[in-house]
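S.K.: One structure, pasted below without further comment.
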Amino acid sequence: MIFDGNVVLVTGGSRGIGRAVALEFAAGGATLAIQYRQDRRAAEEVIAALPPGPHLALQADVADAAQVQDLVQTVVDRLGRVDVLVNNAGIFVQHPVLTTDYAAWQEAWRQTIDTNLIGPANLVRCVVPHMVAAGGGRIVNVTSRGAFRGEPEHTAYGASKAGLNSLSQSLAQELAPHGIYVTAVAPGFVETDMTTAYLDGPGGVAIRAQSPLGRTATPQEIARVVVFLATPGTESAVGAIVDVNGASYLRT
């Protein structure tokens with residue numbers, strides 16, 4: 001299988017897109033390290049759903065720089081390497097500018113940027129030396145269409161994902177000479193726990209109607225694109241930000 005012998009670290013791997021990514025890589029023979037922040041049971045359920053192997057479920061908060069460093073070192077100590085990093089962990093905090101008090105506004109921005117942007121940057125910094133020593137690797141960052149179309153009432157989220165896009169492209173140019181290929185995937189709404197309140201709420205029909213498909217994406221659809229970008233033979237996609245939003249938002 002194409003990922004035999006490869007170790008893949010997936011953040012936010014206990015549910016939604018991260019879970020689907022883990023399953024897809026494991027189907028290709030990879031060994032998985034699943035990071036989760038709180039829900040150990042869900043992470044263990046993902047591990048149980050994978051083919052037999054020395055897979056790991058590891059608790060860490062990607063917003064905490066020290067925990068990120070420990071996470072990567074634990075994966076390397078126990079599995080020997082990191083061939084693929086998927087930065088998927090993220091939060092989506094509502095904070096309307098006109099109705100959010102100043103202290104809550106500050107906290108929403110701090111939490112979101114620390115988790116969605118600085119966390120991935122720190123993970124890259126910790127993983128890259130090991131990838132260089134091993135002769136190369138792949139990094140796939142999960143961003144959002146919100147980086148391009150805006151995210152009303154979730155402004156920090158849109159800004160964090162725009163920053164992650166820029167981070168991805170800067171790293172793509174810096175790391176490609178070292179055999180490390182960085183790409184990004186930008187979904188729209190996806191049927192996950194994080195979007196349930198929106199899709200099941202009064203605006204759900206309108207959200208689905210944004211796409212000519214008449215539906216939102218499944219986690220499996222996003223996972224297949226992530227895995228494709230990490231597959232040997234796709235090196236010329238380096239620096240790409242791939243839209244997977246069902247044509248709900250088209251960039252020019």
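Where a number appears in this text, it was derived from the coordinates with a stated rule and is not lab data. Source: prediction; values computed, not measured. Because the Cβ atoms are built from the backbone with ideal geometry, glycine has one as well, and the counts that use them run over all protein chains shown.
S.K.: Applying the selection to segment 122-146, what residues are assigned to a helix (DSSP H, G or I) and either touching a residue at least 40 places away in the same chain (Cβ under 8 Å) or on the phi > 0 side of the Ramachandran plot (or both)?
M.R.: If the condition is that a residue be assigned to a helix (DSSP H, G or I) and either touching a residue at least 40 places away in the same chain (Cβ under 8 Å) or on the phi > 0 side of the Ramachandran plot (or both), then 122, 123, 124, 126, 127, 128, 130, 131, 132, 134 are the ones that fit.
S.K.: Can you pull out every residue in segment 31-56 that is out of contact with any Gly (no Cβ under 7 Å at 6 or more places or on another chain) and under 19 Å from residue 221 (Cβ atoms)?
M.R.: Residue satisfying the conditions is 49 alone.
S.K.: Moving to a separate point now. Restricting to segment 152-199, and then to whatever is more than 27 Å from residue 109 (Cβ to Cβ) and part of a loop (DSSP other than H, G, I, E, B), can you tell me which residue is farthest from the chain's Cα centre (by Cα)?
M.R.: Among those that are more than 27 Å from residue 109 (Cβ to Cβ) and part of a loop (DSSP other than H, G, I, E, B), it is 179.
S.K.: While we're looking at this one, here's another question. Filter segment 219-229 for residues that are touching a helix residue (DSSP H, G or I) at 6+ places or on another chain (Cβ under 8 Å) and among the β-branched types (Val, Ile, Thr); which is surrounded by the most Cβ atoms within 10 Å (Cβ to Cβ)? Spell out how you get there, then give the answer.
M.R.: Initial filter on segment 219-229 (touching a helix residue (DSSP H, G or I) at 6+ places or on another chain (Cβ under 8 Å)): 219-220, 222-224, 226-227, 229.
With among the β-branched types (Val, Ile, Thr) added as a condition, the list becomes 222, 226-227.
Numbers: 222: 27, 226: 30, 227: 24.
Ranking the qualifying residues of segment 219-229, first place goes to 226.
S.K.: Enumerate the strands (runs of 3 or more DSSP E) found wholly within segment 16-121, keeping only those where 2 or more residues are free of Cβ contacts under 8 Å to residues at least 40 places away in the same chain.
M.R.: Numbers: elements: 31-36, 56-59, 84-87.
Correct list: 31-36, 56-59.
S.K.: Out of the residues in segment 91-144 that are out of contact with any Leu (no Cβ under 9 Å at 6 or more places or on another chain) and under 20 Å from residue 186 (Cβ atoms), which is surrounded by the most Cβ atoms within 10 Å (Cβ to Cβ)?
M.R.: Selected residue: 119.
S.K.: Could you please find all residues in segment 200-234 being assigned to a helix (DSSP H, G or I) and over 21 Å from the mean Cα position of the chain (by Cα)?
M.R.: 204, 205, 206, 207, 208, 209
S.K.: Name the single residue, out of those in segment 10-45 being among the hydrophobic types (A, V, I, L, M, F, W, C) and over 25 Å from residue 232 (Cβ atoms), that is farthest from the chain's Cα centre (by Cα).
M.R.: 42
S.K.: From the list 184, 172, 156, pick out the single residue that is touching a helix residue (DSSP H, G or I) at 6+ places or on another chain (Cβ under 6 Å), buried (at least 18 other Cβ atoms within 10 Å of the Cβ) and under 16 Å from residue 226 (Cβ atoms).
M.R.: Answer to the selection: 184.
S.K.: Further question on the same structure: Pairs needed: first member in segment 211-235, free of Cβ contacts under 8 Å to residues at least 60 places away in the same chain and more than 20 Å from residue 172 (Cα to Cα); second member anywhere, of a type in the set (A, V, I, L, M, F, W, C) and in a helix (DSSP H, G or I); C-beta distance under 7 Å; at least 6 residues apart or different chains.
M.R.: Hits for this filter: 216/199; 216/207.
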